[in-house]
Every structure is written in C-alpha cells, then in structure tokens.
Amino acid sequence: MLYFSSMEADHELWSDWVIVLREKGLSDLTAWLIRAGEPLTIIVSQMITMSMPFVFSQKANNELRSIITILEDREQLRAFSEALQSDGGRDD
C-alpha cells in the first residue's frame, strides 16, 4: 500500500513539474532529453542519490526521491515523457 501512495504522490508532483516546464517552454526539450538520455538514467539517479546529503531542504529531498523513482523505472520515465508531450489542456 505504501508503494501506491508513493506513486500517487509522484504523479501529483509530475503534474506540477509538467505545468512549470510548459510555462517555461521547456517541456519539449525535457521530453527529448529523457528519450535521448534514457540509457544513462540509472547512472544519473545514482548521482542524485549520492548528492542528497548535501541538499538541506526536506521538500527538495522529497522531489529528488521522486525524480530518482522516475529515472529508475523505465515505464514511469516514458509515462512522464508522454505527459510532457501530451496536450493536457495547453492553451498554445
């Protein structure tokens, strides 16, 4: 059960990230970087994990854990990339 509540929390963060990335015009670039860098995601997630003791904010640590979860699960990574590229109510 904890896993599912964690996944729901991750998906809530996703929508926040998608909104921010779209507002800044970075959603397409981020989706491209995810696809292009997919073979390196495990290494990147480990680098983030090693840097976490140097991040002092609890909120930042929670977001970093969510990023790590996404990077280590290819299905979630692809789903996040698709969420970035979906129309999702864009007003463009």
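Numerical summary
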| read-out | value |
| --- | --- |
| Separation of the residue 62 and residue 48 label points, Cα + 7 Å toward Cβ, nm | 1.6 nm |
| Cα gyration tensor, the range 22-80 - rounded (a/c under 1.5), prolate or oblate | oblate |
| Calculated FRET efficiency for the pair residue 11/residue 38, C-beta based, R₀ 22 Å, to 0.05 | 0.65 |
| Taking 51, 27 and counting other C-beta atoms within 10 Å, the order from fewest to most | 51, 27 |
| Highest average packing first - 67-76, 34-43, 12-21, Cβ atoms within 10 Å | 67-76, 12-21, 34-43 |
| From phi via Karplus (6.51, -1.76, 1.60), per-residue ³J(HN,Hα) for the range 71-76 in Hz, x at Gly/Pro | 5, 8, 10, 4, 5, 5 |
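Computed from the coordinates by the stated procedures, all read-outs in this text should not be read as laboratory data. If you're wondering where the values come from, they're calculated on a predicted model, not measured in any experiment. Quick reminder, even Gly has a Cβ in these numbers, built from the backbone with ideal geometry, and neighbours come from all protein chains shown.
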